[in-house]
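Trainee: I'd like to ask you about the structure that follows.
The values are calculated or read from the model by the stated rules, or taken from the named source; none is laboratory data. Keep in mind that what you see is a predicted model, and the values were worked out from it rather than measured. Reconstructed Cβ throughout: ideal geometry from the backbone, glycine too, with neighbour counts over all protein chains shown. To get the accessible areas, we keep the full protein, side chains included, count just its heavy atoms, and leave off ligands, DNA and RNA. Shrake-Rupley method; radii C 1.70, N 1.55, O 1.52, S 1.80 Å.
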Amino acid sequence: SYLWHDGSTEATYNADKRGVYSVTVTKGRCVADASTDVGEEYCDHCLSGIPNGFTPNGDGLNDIFKPLIYPICPVRDYRFSVYNRFGERVFTTSNPKEGWDGNYKGTRAELGAYFYQLRFTGPLDKPYFHKGDVVLIR
């Protein structure tokens with residue numbers, strides 16, 4: 001369970017003002033505390049990573065393939081697309097919160113390698129472009 005400084009209990013917290021944010025995380029008998037001081041400066045690097053594999057099997061773990069972007073980074077002009085080995089686009093979105101669920105045209109996509117392209121504009125109009133591959137495993 002999560003307990004944030006303001007009493008909220010969600011697993012994530014959107015820090016939208018300057019200040020100190022703290023959380024207490026409890027799992028069974030284990031308890032951990034953390035806090036951070038949030039300022040107004042933007043990071044100059046928004047992308048924290050892109051997975052190289054995912055397992056859309058409905059178990060709630062790694063079911064969606066999407067880039068991991070730091071939540072405090074303002075993102076504009078976002079475009080994320082996934083392609084199969086024949087170059088067909090199997091997924092595309094302009095919403096950074098959406099990802100590919102491993103389906104194509106309403107059915108489960110084949111196992112194997114897929115290719116992606118990611119473009120967006122970050123803080124200070126910094127352009128981001130990444131491309132690579134991901135393995136769909138069930």
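Trainee: Take every DSSP beta bridge whose two residues both sit in the stretch 10-138, then give the antiparallel share in percent to the nearest 5.
Mentor: For the stretch 10-138, the DSSP antiparallel bridge percentage is about 95.
Trainee: List the chymotrypsin sites (Phe, Trp or Tyr not before Pro) in the stretch 42-138 that DSSP assigns to loop (not H, G, I, E or B) and whose Cβ has at most 14 other Cβ atoms within 10 Å. Which are they?
Mentor: Answer in residue order: Phe86.
Trainee: Sticking with this structure for a sec: What is the calculated FRET efficiency for Asn62 to Asp125, with r their C-beta to C-beta distance and R₀ = 30 Å, to the nearest 0.05?
Mentor: FRET efficiency, Asn62 to Asp125: 0.35.
Trainee: On to the next question. Could you give the accessible area per residue of the chain, probe 1.4 Å, as a whole number in Å²?
Mentor: Normalised by residue count, the accessible surface of the chain is 69 Å².
Trainee: Which value, in debye to the nearest 20, describes the size of the charge dipole of the chain about its Cα centre when Lys and Arg Cβ atoms bear +1, Asp and Glu Cβ atoms bear -1, and nothing else is charged?
Mentor: Result for the chain is approximately 500 debye, rounded to the nearest 20.
Trainee: Now for a separate question. Through the Karplus equation 6.51 cos²θ - 1.76 cosθ + 1.60, θ set to phi - 60°, convert the phi angles of the stretch 130-137 into ³J(HN,Hα) values in whole Hz; use x for Gly and Pro.
Mentor: 3J(HN,Hα) across the stretch 130-137, in whole Hz: 9, 9, x, 10, 9, 9, 8, 10.
Trainee: Here's something else I'd like to know. In the chain, what is the count of Lys pairs whose alpha carbons are under 25 Å apart, counting only pairs at least 8 residues apart or on separate chains?
Mentor: Close lysine pairs found across the chain: 10.
Trainee: What is the extension gain from Asp101 to Ser22, computed as 0.36 nm multiplied by their sequence separation minus the C-alpha to C-alpha distance, in nm to one decimal?
Mentor: Length gained between Asp101 and Ser22: 25.2 nm.
Trainee: Report the gain in length on full extension from Ala11 to Thr92: 0.36 nm times residue separation, minus Cα-Cα distance, nm rounded to one decimal. Intermediate values should be presented prior to the final figure.
Mentor: Working: separation 81, 0.36 × 81 = 29.16 nm, distance 2.72 nm.
Length difference between fully extended and current span is 26.4 nm.
Trainee: Still on this model: Note down the relative contact order for the chain as a percent, whole number, built from C-alpha pairs under 8 angstrom at least six residues apart.
Mentor: In percent, rounded to a whole number, it is 19.
Trainee: Could you tell me what percent of the accessible area of the chain is made up of carbon and sulfur, with a 1.4 Å probe and every protein chain present?
Mentor: On the way: 4770 of 9510 Å².
Ligands and nucleic acids excluded, carbon and sulfur reach 50 percent.
Trainee: What base-10 log of the normalised intensity I(q)/I(0) is obtained for the chain from the Debye formula, alpha carbons as equal point scatterers, at q = 0.16 Å⁻¹?
Mentor: Rounded to two decimals, the profile gives -0.95.
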